[in-house]
1. Please build a GNM for the chain, connecting alpha carbons under 10 Å apart, and tell me which residue among Q139, Q181, Q190 fluctuates the most.
2. Based on the Cβ-Cβ distance from S45 to S236, what FRET efficiency comes out when R0 is 30 Å, to the nearest 0.05?
3. Give the cross-link partners of K223 among the lysines, using a straight C-alpha distance below 19 Å as the criterion and excluding same-chain residues fewer than 8 apart.
4. Quote the FRET efficiency, to the nearest 0.05, computed for I113 versus Q185 with a Förster distance R0 of 41 Å and r equal to the Cβ-Cβ distance.
5. Cβ under 14 Å from L175's Cβ, L175 left aside: what net charge do those residues give with Lys, Arg +1 and Asp, Glu -1?
6. If each of H93 and K61 carries a label point 7 Å out from its Cα toward its Cβ, how far apart are those two points in nm?
7. HN-Hα J couplings of the range 191-199 from phi, Karplus 6.51/-1.76/1.60, θ = phi - 60°, integer Hz, Gly and Pro as x?
8. Based on the mean of other Cβ atoms within 10 Å per residue, sort peptides 30-36, 131-137 so the most packed one is first.
Amino acid sequence: MRASARQAWTSLFRYIVVSGLLLLVGGITVVFVAIALRLDIPTLSEALVGRGRAETWFSIKLTAVTTTTTTVIAVLIGIPAGYALSRYRFPFHTLLDTIIDLPIVLPPLVAGIALLVFFGTTAGVWIEENIIPFVYTQQGIILAQLVPAGSFAVRSLKAAFDSVHPRMEHVARSLGCNERQAFFQVVLPQARNGLVAGAVMTWARAAGEFGPILMFCGATKMKTETLPIAVFLNMSVGDIGMALSLTVILVILAASALLIFKALGGRGYLW
């Protein structure tokens, strides 16, 4: 192939690649610019300090409390689970790995339906009556968030452990560390940024959950009204301004989480 033809094909390839990137970025930008143009400052102020402030701040506080609790639980479970999947090979490894991924790839509504079905069984009813009620409660929000967010946490934390070469553990153990010491003194410090980035994205994922909460906890104003549920309720009654104000708050939270994630070098830790 002549040099001129090769250069033409290279230019065409680059044009297609860059065009695809610009098309995607442009589409996303247009959507968010439309929200910004539709929402004015007085409407946002009304939601934050005006007549809608009680509902807005209730939704923000409930989202913050439930999402943070969900993230802590997900990380506490995800660190050992992610490490086991990253380092060990055991029977049914692929099957277990696939089961963990199911809540990520399935429609979110499925998680809420599955929880409702479980708490309708004998075991679920016993838990409700003797331990703690979950269905249509605020603590149920944490459980509804935990099903998809927990899987997301395991996947992202596993990627963080995958980034640490096993040879470093082997060297530590050859120098006298046992497996536990190698984990805490070598693996955790090396994977720290990835683990924090995974926790941040798990928080953002939990904060945006809507389907599982709607199905399992309902959409009750000033009770189970997280930010996504609040957007849904206000859209349902035609209060577009309030819904857009809450949407902007969600966008700001998501953008902040992404900026923190990228600042920690977490680009490679998403499933």
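1. Ranking Q139, Q181, Q190 by mean-square fluctuation puts Q181 first.
2. Efficiency, from the Cβ-Cβ distance: 0.85.
3. The reachable lysines, counting only those whose Cα sits under 19 Å from K223, are K61.
4. 0.40
5. For residues surrounding L175, the net value is 0.
6. 4.8
7. Going residue by residue, I get 9, 4, 4, x, 5, 5, 4, x, 5 Hz, with x marking Gly and Pro.
8. So the order, starting with the most tightly packed, is 131-137, 30-36.
Laboratory data are not the source of any read-out in this text; all were calculated from the coordinates shown. Being a predicted model, the structure only gives us computed values, none of them experimental. Neighbour counts are summed over all protein chains in view; Cβ atoms, including those assigned to glycine, are modelled from backbone coordinates with ideal geometry.
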